[in-house]
1. Can you say whether TYR144 is under 18 Å from GLY25 (Cβ atoms), among the hydroxyl-bearing types (Ser, Thr, Tyr) and either in contact with a Gly (Cβ under 9 Å, 6 or more places away or on another chain) or surrounded by 21 or more Cβ atoms within 10 Å (Cβ to Cβ) (or both), as far as the supplied structure shows?
2. Can you tell me which residues in the stretch 173-197 are over 14 Å from the mean Cα position of the chain (by Cα) and either among the acidic types (Asp, Glu) or at pLDDT below 95 (or both)?
3. Quick check on my filter: what residues within the stretch 147-173 are assigned to a loop (DSSP other than H, G, I, E, B), farther than 15 Å from SER116 by Cβ and touching a strand residue (DSSP E or B) at 6+ places or on another chain (Cβ under 8 Å)?
4. For the list (1) closer than 16 Å to MET18 by Cβ; (2) of a type in the set (A, V, I, L, M); (3) crowded, with 22+ Cβ neighbours inside 10 Å, I need the number of the one condition that LEU91 fails.
5. Test ILE129 against the stated conditions and say whether it is buried (at least 17 other Cβ atoms within 10 Å of the Cβ), among the hydrophobic types (A, V, I, L, M, F, W, C) and closer than 26 Å to ARG79 by Cα.
Amino acid sequence: MARVLVLYYSSYGHIETMAHAIAEGARSAGATADVKRVPETTPEEVARAAHFKLDQAAPIAQVSDLADYDAVVIGAPTRFGRMPSQMATFLDQAGGLWASGRLIGKVGAAFTSSGSQHGGNEMTLFSIITNLLHFGMVIVGLPYSHQGQMTLAEIVGGAPYGATTIAAPDGSRQPSEIELAGARHQGELVARTAAKIFG
């Protein structure tokens, strides 16, 4: 049974919701899936003033956790076309795992959110995937087997590089059913890939 870690950072809850959908998809393929988050580095008074969602139930991850799983799926919102500092700070502490090769051959994947359709979500996926490739991980994206990402009937996230959602500039839009289906599908593919490698 493959072991999957869904590791995320979420300011307003959109990525948190997507993380649980990724985990649901992984479990549907027979994997165990844990959802953990990285520490918030924004000062609490600043986060509260910006209405961050600070009551997230997922436990805080330790960098050493990355080595304990067959697959790691990383989710974070876009910040000017790249991953936010909270996730970057966490991954920057993984030098020991990189140096020892502890993550080589594990499965890696990415998911994100942006405020608009063209808000940098694909660049953010690549900024996460770049880290995973440096770790030596095998990347799983979101292929067009998730046909929902091709619809023109509604605004929708999704890219062949990973699941995405569009939050709207004010954060008012929540992940749609098509976007959640994409996240579940990516989680399923990650679990199936990990099972083939480590089964």
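1. No.
2. The one that is over 14 Å from the mean Cα position of the chain (by Cα) and either among the acidic types (Asp, Glu) or at pLDDT below 95 (or both): GLU177.
3. TYR161
4. Going through (1) closer than 16 Å to MET18 by Cβ; (2) of a type in the set (A, V, I, L, M); (3) crowded, with 22+ Cβ neighbours inside 10 Å one by one, LEU91 breaks only (1).
5. On the way: buried (at least 17 other Cβ atoms within 10 Å of the Cβ): yes; among the hydrophobic types (A, V, I, L, M, F, W, C): yes; closer than 26 Å to ARG79 by Cα: yes.
When the stated conditions are applied, ILE129 passes them.
The values are calculated or read from the model by the stated rules, or taken from the named source; none is laboratory data. Fair warning: this is a prediction, and the values are worked out from it, not measured in the lab. For neighbour counting, all protein chains shown are included, and Cβ atoms are generated from backbone atoms with ideal geometry for every residue, glycine included.
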